[in-house]
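What follows is a single structure, written as structure tokens, with notes after it.
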Amino acid sequence: MREASRQQARAEQRALAAAVIWMLLVQIACVVLWDSGFFGRQAALVHWLIVGVLPPAFALWGLRHPEPARARRPQ
């Protein structure tokens, strides 16, 4: 049981690290495209939110643990 939770923790750490790196890379790309004139300010922000933030957020959301079912007390 402990080994499974350790593997889960490692997978979550890797997913979080990949998500942060992805968001930073997309943010830098959007700033470069904005600075060079390919994107307007709002287009760069929207692009960063859609491409940079949503995919990692959905991936991390998929890793969350299901809430344990609460036992009902007999009445």
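Brief remarks on what is shown
- Cβ-Cβ under 7 Å pairs, at least 6 apart or on other chains, region 16-30 side within 16 Å of L49 (Cβ to Cβ), far side surrounded by 14 or more Cβ atoms within 10 Å (Cβ to Cβ) and of a type in the set (A, V, I, L, M): A19/A59; A19/L60; M23/V53; V26/V51; C30/A44
- Of all residues in region 15-69, those satisfying the criterion of being modelled with pLDDT of 80 or more and assigned to a loop (DSSP other than H, G, I, E, B) are G37, F38, F39, G40.
The values are calculated or read from the model by the stated rules, or taken from the named source; none is laboratory data. These numbers were taken from a predicted model, which means no experiment stands behind them. As a convention, Cβ positions derive from the backbone with ideal geometry for all residues, glycine included, and neighbour counts pool all protein chains shown.
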